[in-house]
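Engineer: The following block contains the structure, expressed as C-alpha cells.
Please treat every number below as a calculation from the coordinates, not as lab data. This one's a predicted model, so the numbers in the text were calculated from it and none came from an experiment. Cβ atoms come from the backbone with ideal geometry, glycine included; neighbour counts cover every protein chain shown.
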Amino acid sequence: MNILIVTAHPTSHNLTMGITEIYKTEKENQGYEVEVVDLYHDKPQPFFSFKDANDRGLTDTQKYYQAKIQKADEIVFVYPFWWGGPPAILKNWIDSNLTMGFAAEYVNGRPKGLLQGKKVKIFTTCGAPKMIYVLTGVYASSKKIWKQTIVEFCGMKFDGYHMYGGIDTSEKKINAIFKKITTIAKG
C-alpha cells in the first residue's frame, strides 16, 4: 500500500511534524511505502487562479501532485487548526490539485468522484481543548466539511477525523497524543 502524507505547518519542528513522523515510521515498519509532502518546504504552488473555468489547463506542479495522489492508496492530512480550518496553503493545495476531471466530474448534473479506492485520514491540532470545539459545533462542522465536500465528493473513503486540542498544556499531553497516533497507525 502507498501512503501520501500531506503536512501544512510553516516550521519544521512542531507537533504536526511529530505526528507525521510517528505515523510514517509506524506504517513503514508495517511494510508500506510512505511519502511526505511538506507544503511549506517542498515544491511550492502559487495560489489557485484561472481566467476561464472551462479552460484551466494543468501546470507541471499540478501534474506532479496529481501523480502522487493517483499513486496513493491512503492520503493523510496533518495540519494545525487555525481560524476555524486548515492553513491557507493546504486549502490552496486542495483547490489546485483536486481538479474537475481528475478528482471529480459532473454526470447529468450530479457529481461523480473519480478517486475511488483511496482512504483519507485527517489529523489536526489546536491550542484550545477539543471539548471547546465539540461544544460549539466547530468539530462536527469541520469533520463534515472534510468528509462530505472533499473526501466523498472525490469518491474517496473517509477513514477518520482526529482533532487533538489543548496541545500547549504539557509534554505529558503531547506524549499521550503521540501514543494515540501510534495506535491509529497500527490500525
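Engineer: If you take the square roots of the eigenvalues of the alpha-carbon gyration tensor of region 130-184 and sort them as a ≥ b ≥ c, do you get rounded (a/c under 1.5), prolate (a/b over b/c) or oblate?
Structural biologist: Since a/c reaches 1.5 but b/c is at least a/b, the shape of region 130-184 is classed as oblate.
Engineer: What order do you get for D159, D73 when you list them from fewest to most C-beta neighbours inside 10 Å?
Structural biologist: Lowest to highest Cβ neighbour count: D73, D159.
Engineer: Calculate one ³J(HN,Hα) per residue across region 132-149 by plugging θ = phi - 60° into the Karplus curve 6.51 cos²θ - 1.76 cosθ + 1.60, and present them in order as whole Hz with x for glycine and proline.
Structural biologist: Here the 3J(HN,Hα) series is 4, 5, 5, 5, 8, x, 5, 4, 4, 5, 5, 4, 5, 4, 4, 5, 8, 9 Hz.
Engineer: Antiparallel DSSP bridges in the chain: what percent, to the nearest 5?
Structural biologist: Here the antiparallel bridges make up roughly 15 percent for the chain.
Engineer: Return the long-range amide H neighbours of V34 (sequence gap of 5 or more, or a different chain), with a cut-off of under 5 Å between placed amide H atoms.
Structural biologist: Close amide H contacts, sequence-distant or interchain: I3.
Engineer: With θ set to phi - 60°, apply the Karplus curve 6.51 cos²θ - 1.76 cosθ + 1.60 along region 71-79 and write out the HN-Hα couplings as whole Hz, x wherever there is a Gly or Pro.
Structural biologist: 6, 6, 8, 9, 10, 10, 9, 10, 7
Engineer: In whole Hz, what ³J(HN,Hα) sequence does region 12-23 give by Karplus (6.51, -1.76, 1.60; θ = phi - 60°), x for Gly and Pro?
Structural biologist: 8, 10, 7, 5, 4, 6, x, 4, 4, 5, 5, 4
Engineer: Using the Cα atoms of region 56-187 to build a convex hull, what is its mean projected area in square nanometres?
Structural biologist: The number I arrive at for region 56-187 is 9.3 nm².
Engineer: From the square roots a ≥ b ≥ c of the eigenvalues of the alpha-carbon gyration tensor of region 1-52, which class results: rounded (a/c under 1.5), prolate (a/b over b/c), or oblate?
Structural biologist: oblate
Engineer: In terms of modelled amide H atoms, which long-range or inter-chain residues lie less than 5 Å from the amide H of M163?
Structural biologist: T124
Engineer: Same structure, new question: Percent relative contact order of the chain, based on C-alpha pairs within less than 8 angstrom and at least six residues apart?
Structural biologist: 25 percent
Engineer: Please find, in a Gaussian network model of the chain (springs between Cα atoms separated by less than 10 Å), the residue of V36, V151, V134 whose mean-square fluctuation is greatest.
Structural biologist: Its mean-square fluctuation being the largest, the pick is V134.
Engineer: Set the bar at 21 Å for Cα to Cα. Now go through K63/K147; K112/K157; K91/K143; K121/K157; K63/K121; K121/K143 and name every pair that lies beyond it.
Structural biologist: K63/K147; K63/K121
Engineer: Rounded, prolate or oblate, given the Cα gyration tensor of region 14-100, with a/c below 1.5 counting as rounded?
Structural biologist: Oblate.
Engineer: Let me ask something additional. For region 96-187, what proportion of DSSP beta bridges, expressed in % and rounded to the nearest 5, is antiparallel?
Structural biologist: So the antiparallel bridges amount to about 35 percent of the total.
Engineer: May I pose another question? Report the FRET efficiency, 1/(1 + (r/R0)^6), for D60 and N175, where r is their Cβ-Cβ distance and R0 is 41 Å, rounded to 0.05.
Structural biologist: 0.50
Engineer: If amide H atoms are built 1.01 Å from N in the plane of the peptide, which residues on other chains or at least 5 residues away come under 5 Å of the amide H of V6?
Structural biologist: The list, which skips near neighbours in sequence, is V37, V76, F77, V78.
Engineer: Just tell me which aspartates and glutamates come within less than 18 Å, Cα to Cα, of K68; anything on the same chain fewer than 8 places away is out.
Structural biologist: Here the aspartates and glutamates satisfying the reach criterion relative to K68 are E28, E33, E35, D38, D42, D60, D95.
Engineer: Roughly how many whole Å is it from the C-alpha centroid of region 14-76 to that of region 117-187?
Structural biologist: Distance between centres, Cα-based: 18 Å.
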